[in-house]
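Q: Here it is: the structure, laid out below.
The values are calculated or read from the model by the stated rules, or taken from the named source; none is laboratory data. Please read these numbers as outputs of a predicted model, since none were measured by experiment. Ideal geometry is used to build each Cβ from the backbone, glycine not excepted, and the neighbour counts take in all protein chains shown. Surface areas here come from the heavy atoms of the whole protein model, side chains and all, with no ligands, DNA or RNA. Shrake-Rupley method; radii C 1.70, N 1.55, O 1.52, S 1.80 Å.
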Amino acid sequence: MLQRTTMRYMSQPMSLRLTEATIERLGHRARRAHMPTRTLAQRYVEEGLRMDEHPLVRFVDGPAGRRARLVGSAKDVWEVIATVRDNDSDLAATAEYLHIPLGLVQAAVTYYGAYRDEVDQLIADNEREAAEAHAAFQAGRAALGR
């Protein structure tokens, strides 16, 4: 049996017909994620579209939140882009340094072209957290009298 549900993303309403089983699974996942079912459905649609556009990218949860990761690797897109920058935009050098295929570096660059602000924010957040961690370590060393 199908149930009708309305999904809102941005300000555009959209009606969908989903099976009861799908609605139950979605509700279960939403409760586990502590988010409204509608919000999770919106996320799945957005991420699904992005994965269609960028087939070597998937999405994962972690301490840094939800982020784009390259398929078949443990590398997030933002990590690859930060490394590309550190290597003066040399994609081959980045691939060699990260021990991943050049095609994955190219996929990260392509994704970055589409979602630059999002990736730049993750890089900035990481740089800020690294600086804070370094300052805390230095303060600890100073407290030890070193």
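Q: At what distance in nm do the modelled label points of R85 and R67 sit from each other, each positioned 7 Å from its Cα along Cα→Cβ?
A: Roughly 1.3 nm, to one decimal.
Q: Per residue, how many Å² of accessible area does the range 16-146 show with a 1.4 Å probe?
A: It amounts to 64 Å² per residue over the range 16-146.
Q: At a Förster radius of 41 Å, what calculated FRET efficiency corresponds to the Cβ-Cβ distance of E96 and R128, to the nearest 0.05?
A: 0.90
Q: Tell me the Rg and the Dmax, in Å, that the Cα atoms of the range 1-131 produce.
A: Calculated on Cα positions, Rg and Dmax stand at 17.5, 56 Å.
Q: Let me ask something else about it. What is the distance, in nm, between label points placed 7 Å from the Cα along the Cα-to-Cβ direction at Y44 and at Q138?
A: It is 4.8 nm.
Q: Now for a separate question. Once both labels are modelled 7 Å past Cα along the beta-carbon direction, what's the M35-R58 spacing in nm?
A: Reported label-point gap for M35 and R58 is 1.8 nm.
Q: Using 0.36 nm times the number of residues separating M14 and Q106, minus their current alpha carbon distance, what extension gain do you get?
A: Once the chain is fully extended between M14 and Q106, it gains 29.7 nm.
Q: Still on this structure, please answer the following. Hey, what angle do you get for helix 116-143 against the long axis of the chain, alpha-carbon based, 0 to 90 degrees rounded to 10?
A: The angle comes out near 50 degrees.
Q: Highest GNM mean-square fluctuation, the chain, Cα pairs closer than 10 Å: which of P55, P101, P13?
A: For the chain, modelled as a Gaussian network with Cα springs under 10 Å, the answer is P13.
Q: Report, to the nearest whole %, how much of the accessible area of the range 27-106 belongs to carbon and sulfur atoms, 1.4 Å probe, protein only.
A: 53
Q: Relative contact order for the range 78-141 using alpha-carbon pairs under 8 Å, separation at least 6, rounded to a whole percent?
A: Averaging sequence separation for qualifying contacts and normalising by length gives 30 percent for the range 78-141.
Q: Sticking with this one: Against the longest principal axis of the chain, how steep is helix 77-86, in degrees 0 to 90 to the nearest 10, with axes from Cα atoms?
A: Between helix and principal axis, roughly 30 degrees.
Q: Here's something else I'd like to know. Just E24, E96, E53 to compare: in a GNM of the chain, with alpha carbon springs under 10 Å, which one fluctuates most?
A: Looking only at E24, E96, E53, the biggest GNM fluctuation is shown by E24.
Q: Heavy atoms only, probe 1.4 angstrom, no DNA, RNA or ligands counted: give me E47, E20 ranked by accessible area, highest first.
A: E20, E47
Q: Helix 20-33 versus the longest principal axis of the chain: what is the Cα-based angle in degrees, 0 to 90, to the nearest 10?
A: 30
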